[in-house]
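Following: one structure in structure tokens, then a few remarks.
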Amino acid sequence: MLLETLKSMVAVNDPSTLLSGWMESFGQDVWNYAFFLTKRKDAADDISQDVFLRAYKHWNDFEGRSSVRTWLLTITRNLSLNYLKSSFMTRVSLTGWITSKQTGPSAEKEFMDAAAVSQIWKCVMELPPKYREVLILEFHYQLPRKEMAQLLGLSEGTIKSRLHRARARMETMLKGADIP
């Protein structure tokens, strides 16, 4: 039903309207996911553009077995993994953790909360990619396990197992970290 509705919108409206709608609705999700996978802002920018161009070119190939969002995140994942495997990335070492440099007058509690959130994200980004990815898909994107399994090309049991292991590692890492 959703697929028929979306395809009828393409036939009625200008195709560029569809692309604009996707970018407005899912652009930030696509960019964030690309950034989480690559840990590079410039790569996330490039990958995000490529995702929407590929989705636009291959719209007729979309079968509607998942939501448009899941389909776009799948494209994002594939392009991000290709980027990470490229010869450029094998020759370049990534440096450090990217942090926000927002400063300003704040209460002690706000500082402590921000430090805790920063430490949690740092721990998430230090997880192996297979664990980091399922945590991000579950907590940030709130995808159900079935859609995660489809997006990652894994069984639901594997997703459940990875989530369990990821949570256990996060718990261990956070206990070892001095979170305010």
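What order, most packed first, do the peptides 140-149, 68-77 have when packing is the mean number of other Cβ atoms within 10 Å of each residue?
Most protected by this proxy first, the peptides run 68-77, 140-149.
Could you work out the local net charge near Leu143, counting Lys and Arg as +1, Asp and Glu as -1, over the other residues with Cβ closer than 14 Å to its Cβ?
+1
Tell me which residues come under 5 Å, amide H to amide H, from Tyr141 once H is placed; ignore anything under 5 positions away on its chain.
When sequence neighbours closer than 5 places are left aside, there are no close amide H contacts.
What are the ³J(HN,Hα) couplings of the range 78-85, residue after residue, when phi is run through the Karplus curve with 6.51, -1.76, 1.60 and θ = phi - 60°? Round to Hz, x for glycine and proline.
In residue order, the calculated couplings are 4, 5, 5, 5, 4, 4, 5, 8 Hz.
Any idea how far the Cα center of the range 31-51 sits from the one of the range 116-178, in Å?
19 Å
Values quoted throughout were computed directly from the atomic coordinates according to the rules given, and no laboratory measurement underlies them. Predicted, not measured: the structure shown is a model, and the values here were computed from it. Please note: Cβ atoms are built from the backbone with ideal geometry, for glycine as well, and neighbour counts cover all protein chains shown.
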